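A short worksheet on the structure shown next.
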Amino acid sequence: MKITENVTWIVKIDWELRKFHGEQLSTYKGSSYNSYLIRDEKIAIIDTVWKPFAEEFISNLKQQVELDKIDYIIVTHAEPDHSGALPLLVEQAKNAKIICSANGAKSIKGYYHKDWNFQTVKSGDKLSLGKNEITFIEAPMLHWPDTMMCFLSGDNILFSSDVLGQHYASYELFDDKVEDKELLYYEALKYFANIIAPFSKKTIKKIEELISLNLPIDTIATAHGIIWRKDIKTIIDKYLEWSNGYKENQITIVYDTMYDSTRKMAESIAEGIKSVDKDCVVKLFNSARSDNSDIITEVFRSKAILIGSPTYNNGILNSTAAILEEIKGLSLEGKKAASFGSYGWSPANVKIINEFLQNSGFELFEESVKTQWSPNQEEMTKLMEFGKKFAEFVGK
Ligand code: FEO
């Protein structure tokens, strides 16, 4: 599909994809690996696709261009979902140079163990294709050390790599063609929360730098999902908002439970919160029965979280440990938290959870709440009171 007269979307839409980054990240809406062919006096291709689709990609590309006519293969970052078809392409595009950042050359060599014909570029470097030229903008750690964006003059397209993208499979190429806008933005938020959030400080700086360059961007062509041509300002503003201590009026309660005691505790605490802050969105997730990537998205958008687990042997339940580990990796800032849980003979649970939360950058509520065996009516009332006090601690 053509984006402009000179630029063609060589895409692999992966409708079946349900897990990404191995088994780590859920992708209910599938995804796409977006590669772009630019025809000018010189011919360039930006990125490839994941290895399982390499042959299909090469075959599609051959219908568009003779591979030995390709002058440049531009790699915006070396992660295998975009570089997987590189070995096959390099083998057949015999006259092409690989254009990447210095870190990109290192990662490509690290993955494919080949000393190909590399030309490294840095921010501000330009590559003339004939009528139009590409300007490179390095964006290290968004989200890989070698990430870079490229701006194509004339067509005014910013190839943004993973930044501003979403895992969203669709034959509709552009944002204004997508029917379910709410879902598109949810997927963009989920992508940010799970992948970009740990690098928020670098994201703000890079987006501000991008704005200050005053590039006449008509299109943002991402490495995954839908291409932005209508909502360019909206998605850029969203990224600035998301990367700057983002929080909505929401408290998320994540718990696991063996015999329903910790679940009952979670529900009583939620009632307490709602009784004093009616406008606050309160959401509960059993971490053993919910998708971790969705929980992370909800944690990301919350002003505060509560984590609950019973004591299990000398520790906590494994789904709680897993979600805590994932939350820790996000380096979130400006959020508050507390812990709760039931126990039989060892109330070690809340101490373990509190240590995790503190080491993950949360401001911890001075109280935790634990119940031996199962909460009775009196304890349920205390749990509601705990919820009220926590809501007051969190504030509006
Ligand atoms: Fe889409 Fe970071 O690879």
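Read the figures in this text as sums done on the coordinates, not as results from a lab. Small disclaimer: the values here were computed from a predicted structure and weren't measured. Note that each Cβ is placed from the backbone with ideal geometry, even for glycine, and that neighbours are counted across all protein chains shown.
Of the set (1) in a helix (DSSP H, G or I); (2) surrounded by fewer than 19 Cβ atoms within 10 Å (Cβ to Cβ), all apply to Y259 but (1). Kindly indicate whether D40 is farther than 16 Å from N6 by Cα and either in contact with a strand residue (DSSP E or B) (Cβ under 7 Å, 6 or more places away or on another chain) or among the acidic types (D, E) (or both). Criteria not met by D40. Checked against (1) acidic (D, E); (2) touching a residue at least 12 places away in the same chain (Cβ under 8 Å); (3) farther than 30 Å from V350 by Cβ; (4) surrounded by fewer than 21 Cβ atoms within 10 Å (Cβ to Cβ), E248 passes all but condition (3). Per the listing K190, K201, the residue uniquely among the basic types (K, R), within 16 Å of the ligand (Cβ to nearest atom), within 23 Å of I327 (Cβ to Cβ) and within 16 Å of the chain's Cα centre (by Cα) is K190. The condition of being hydroxyl-bearing (S, T, Y) and surrounded by fewer than 20 Cβ atoms within 10 Å (Cβ to Cβ) holds for only one of S35, S83, S128, that being S128.
In a residue-by-residue description of the stretch 55-65, the property of being outside any loop (DSSP other than H, G, I, E, B), within 16 Å of the ligand (Cβ to nearest atom), touching a residue at least 60 places away in the same chain (Cβ under 8 Å) and not β-branched (V, I, T) applies to no position.
Consider the stretch 104-152 and keep the residues that are of a type in the set (S, T, N, Q) and within 28 Å of the chain's Cα centre (by Cα). The one that is nearest to the ligand (Cβ to nearest atom) is T147. Take the conditions (1) out of contact with any strand residue (DSSP E or B) (no Cβ under 7 Å at 6 or more places or on another chain); (2) on the phi < 0 side of the Ramachandran plot; G361 misses just one of them, which is (2).
Which of the following residues is touching a Lys or Arg at 6+ places or on another chain (Cβ under 8 Å), touching a residue at least 12 places away in the same chain (Cβ under 8 Å) and within 30 Å of K202 (Cβ to Cβ): E367, E363?
Numbers: E367 fails: within 30 Å of K202 (Cβ to Cβ).
Within the list E367, E363, the selection yields E363.
In the condition set (1) surrounded by fewer than 20 Cβ atoms within 10 Å (Cβ to Cβ); (2) closer than 19 Å to F362 by Cβ, K264 is compliant with all but (2). Residues that are acidic (D, E) and touching a helix residue (DSSP H, G or I) at 6+ places or on another chain (Cβ under 7 Å) number at least 2 in none of the strands (runs of 3 or more DSSP E) confined to the stretch 96-205.
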